[in-house]
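Below is one structure, written out as C-alpha cells; comments come after it.
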Amino acid sequence: MTNLLSRLLTERDWLMTDGATGTTLFNMGLQSGDSPELWNADHPDRIATLYKGAVDAGSDIFLTNSFGGSAARLKLHDSQSRVRELNRLAAEIGREVADASGRDVVVAGSIGPTGEIMEPMGALTHASAVEMFHEQAEGLKEGGADVLWVETISAPEEYKAAAEAATLAGMPWCGTMSFDTAGRTMMGFTSADLSRLADRLDPAPVAFGANCGVGASDLLRTVLGFRAAGSEIPFIAKGNAGIPKYVDGHIHYDGTPELMARYAVMARDSGAKIIGGCCGTQPDHLRAMRKALEETPKGPAPSLEEIAAEIGGFSSDSDGTDGNAVAPRQNRRRGRK
Amino acid sequence: MSDEEDDIILSELNDEELVQQMFDDLYDGLKEEIEESVNILLERKWEPYRILTEALVGGMTIVGQDFRDGILFVPEVLLAANAMKGGMAILKPLLIETGAPRVGKMVMGTVKGDIHDIGKNLVGMMMEGAGFEIVDLGINTDVDGYLNAIKEEGADILGMSALLTTTMPYMKVVIDTMVELGIRDDYIVLVGGAPLNDEFGRAIGADAYCRDAAVAVETAKELIARKHNQMSA
C-alpha cells in the first residue's frame, strides 16, 4: 500500500508531527466543556489557523481536529448524528492547509478513545467499537485524510477495534497509546506489549508509538522500551511539553521550547522516526524541535540516567519492561480462574 | 498451575483463615467466592459491619495499595471491585437494618464537558470499598448538578474528576461558585484525574488532589477525621 506517510518514511530519516490541539484551541477561546469538533463547522478559520501553526513551524504531519469525533464522544454534545460531517470537515480543512503548503504534508485523521471500557470488563462490545471507529474513519477519508491516526488509547482491545475500522475504511493507519500509569497504560499495557501487538496486527500500522502520558521524560523511557522490543515498524514519540500548571485561569505546560528541542533529539536518537509533541506543545516548541532535529547530528540512544538529568525524573521506578516491576501477589487460587 | 489447591472448601475454614481467603479472593476478583464467604460469616453470626470492615474493606485495602504502587492496574481493580460489590449487595440492607455507623458520604461526578468516567468509577468503588456512601452523578456534571446534590444528599465530600486539560479548569468554576455562596467550607472538596497534580489542586482551592483511587480513600478518611476533630474542639 503506497501512501504519502509510508513514502516519506522511506525517504527521510525522521518526520516531525504536530503539537497540542486542545491547548491551542483553548487559547483561541474554546470554553471548558465545549466540543472542539463542533468548531470544524462553526469556526473553520480557527481550525485552519491551528493546522497552519503546525505546518508553518515545520511539521511534516499534522493531526485533524477530530479526537473526540466518535459517536461515543459526540453524544455528550448531542451531536452523535454529525459524526460523518464533523470528521469530513476536520479532514477537508486539513487537506486545504496541506495542499497550500507547497511541500509534502501528511493530513492524519485523529481518532481518540471512546472513553468507555470494553468487554469483558466494561459494557462496550468489540462490534460497536469497530462500528463507531469505522463511521469516524469514513468521514476522515471522505475529507481527504492521508492516514488515520489512532491516539491516546489505553486498552489493547480498543486499539484492535480501531485497527479493524481502518481496514474496513481501506485506510493506512498509525496508532499510539498513552502510557500514564507507572510507565504503562491505565490498563497495565507496557511499551513492549504494544510493540508485540503492532507486529501481530494485519494490516500492521504504518507506525506505532506513544503520545500524551505524563511528561517528556516518561515518554522517552517508553520509546526506549519500543527500541528494546525490536519491531521493524517505525515508532512515534509524541510527548507532552512538561507538566500542566494552572496560571491565571489557564492551563500552562511547564516545558520550554529548549526542553522540547532536547526531548526531540533524544527521541530520534532513541529510534523514533516520527517525533512531535502533545498537550502544551505550541508552534514555538515545534520550531525549536525542528531546528534541533536538523542541526543536531544523530547520536547514540540516551540512557535513562541521561534522560532524567536533561529532561527530568520519571513518574515511577519501573515501566514494567525491565524485569524490576513488582508482580501481583500469587494467591492460592490464582491461575484457576 | 494449582490444580491440587482447587479444592478450597470455604465453609471448612475457620474465621481467620476465611477472612484471609476473602482477601485473596477479592484480590483475584472472584465474586461468587466472596458472596459465599459473606454468607458463611453471616451464618456464623458475624455483625454485618464487622464483615464489611474486617473482611471486605480489609481486602480492598490491599488491592488499593497494589494499585497505588503500580502493581495492579485498572482491569484487576475493576474485577476486585465487582467482587466487593457482590458482597456489599448482601450486606447493604443488613447494614441499614442494624444502624451501622456512617463513615461519610461523597457526591462525585466527572466535570462538564468530560465524559471520562473510568477513573471516577474506580474512586467510587474504592470509596465504597472503604465504607463510604457514594452518590455518583455520572459524567458531564455542571455546577448546579454538583451543588444541588451536595445539599440534597447532605454530603461530607464533593469529588470532581476530569481527564482532559480542556475540562479540568471547570473544577475551579464549581469551587468559585461554592465560595460565592459561602458554602465552600461546609464540604471537603477532592479532585482527581490524569492531567491534574497537587499544585493544580491547590491553585483552584480544592482540599486535596488525589493521584489515584487508593489515595482518594486515604485522603478522604484523613480529612473526615480532621473535620470531626475540629467540630468537637
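The values are calculated or read from the model by the stated rules, or taken from the named source; none is laboratory data. These figures come from a predicted structure and were not determined experimentally. Cβ placement follows ideal geometry from the backbone for every residue including glycine, while neighbour counts extend to all protein chains displayed.
Can you name the residue in the range A:279-295 that is buried (at least 24 other Cβ atoms within 10 Å of the Cβ) and more than 10 Å from chain B (Cβ to nearest Cβ) and, of all such residues, is farthest from B:Ala203 (Cα to Cα)?
Ranking the qualifying residues of the range A:279-295, first place goes to A:Met289.
Looking at this structure, is A:Pro120 more than 25 Å from A:Pro234 (Cβ to Cβ) and either within 14 Å of chain B (Cβ to nearest Cβ) or of a type in the set (Lys, Arg) (or both)?
yes
Residue under question is B:Ala203, and the condition is that it be buried (at least 19 other Cβ atoms within 10 Å of the Cβ) and either within 14 Å of another protein chain (Cβ to nearest Cβ) or in a helix (DSSP H, G or I) (or both); does it hold?
no
Give the residue, chosen from B:Ala213, B:Ala194, that is out of contact with any strand residue (DSSP E or B) (no Cβ under 7 Å at 6 or more places or on another chain), more than 11 Å from chain A (Cβ to nearest Cβ) and crowded, with 20+ Cβ neighbours inside 10 Å.
B:Ala213 is the lone residue from the list that is out of contact with any strand residue (DSSP E or B) (no Cβ under 7 Å at 6 or more places or on another chain), more than 11 Å from chain A (Cβ to nearest Cβ) and crowded, with 20+ Cβ neighbours inside 10 Å.
May I ask you to list the residues in the range B:165-191 that are over 15 Å from B:Gly145 (Cβ atoms) and surrounded by 24 or more Cβ atoms within 10 Å (Cβ to Cβ)?
Result: B:Thr165, B:Thr166, B:Met168, B:Leu190, B:Val191.
Tally time: how many residues in the range A:190-232 are among the aromatic types (Phe, Trp, Tyr) and within 21 Å of A:Ser315 (Cβ to Cβ)?
Residues that pass the stated criteria total 1.
Could you please give the count of residues in the range A:181-197 that are facing another protein chain (nearest Cβ under 8 Å) and more than 18 Å from A:Gly115 (Cα to Cα)?
2
For B:Gly70, only one of the following conditions fails: (1) small (Gly, Ala, Ser); (2) closer than 24 Å to B:Ile134 by Cα; (3) not in a helix (DSSP H, G or I). What is its number?
(2)
Among the listed residues B:Pro93, B:Pro101, which satisfies the condition of being under 17 Å from the mean Cα position of the chain (by Cα), surrounded by fewer than 16 Cβ atoms within 10 Å (Cβ to Cβ) and more than 30 Å from B:Met168 (Cβ to Cβ)?
Result of the check over B:Pro93, B:Pro101: B:Pro101.
Given the range A:244-310, what helices (runs of 4 or more DSSP H) lie entirely inside it while holding 1 or more residues that are among the aromatic types (Phe, Trp, Tyr)?
Those helices (runs of 4 or more DSSP H) span A:257-269.
Can you name every residue in the range A:267-280 that is at pLDDT below 95 and of a type outside the set (Gly, Ala, Ser)?
Selection gives A:Cys278, A:Cys279.
Right, B:Gln20: over 21 Å from the mean Cα position of the chain (by Cα), under 30 Å from A:Ser318 (Cβ atoms) and in a helix (DSSP H, G or I) or not?
When the stated conditions are applied, B:Gln20 passes them.
Among residues belonging to the range A:226-243 that are within 14 Å of chain B (Cβ to nearest Cβ) and assigned to a loop (DSSP other than H, G, I, E, B), point out the one that is farthest from A:Ala272 (Cα to Cα).
This residue is A:Ile243.
A:Ser79 is checked against (1) in contact with a strand residue (DSSP E or B) (Cβ under 9 Å, 6 or more places away or on another chain); (2) free of Cβ contacts under 8 Å to residues at least 60 places away in the same chain and fails just one. What number does that condition carry?
Among (1) in contact with a strand residue (DSSP E or B) (Cβ under 9 Å, 6 or more places away or on another chain); (2) free of Cβ contacts under 8 Å to residues at least 60 places away in the same chain, the lone unmet condition for A:Ser79 is (1).
Restricting to the range B:52-73, name every residue that is within 13 Å of another protein chain (Cβ to nearest Cβ), touching a Ser or Thr at 6+ places or on another chain (Cβ under 8 Å) and of a type outside the set (Phe, Trp, Tyr).
B:Gly70
Does the range A:9-25 hold any residues that are more than 16 Å from A:Asn40 (Cβ to Cβ) and hydrophobic (A, V, I, L, M, F, W, C), and which are they?
A:Leu9, A:Trp14, A:Leu15, A:Met16, A:Ala20
Does B:Phe67 satisfy being over 16 Å from A:Arg332 (Cβ atoms), crowded, with 20+ Cβ neighbours inside 10 Å, in contact with a strand residue (DSSP E or B) (Cβ under 7 Å, 6 or more places away or on another chain) and of a type outside the set (Asp, Glu)?
So B:Phe67 does not fit the description; no.
In this structure, does A:Phe235 turn out to be within 14 Å of A:Gly215 (Cβ to Cβ) and among the aromatic types (Phe, Trp, Tyr)?
no
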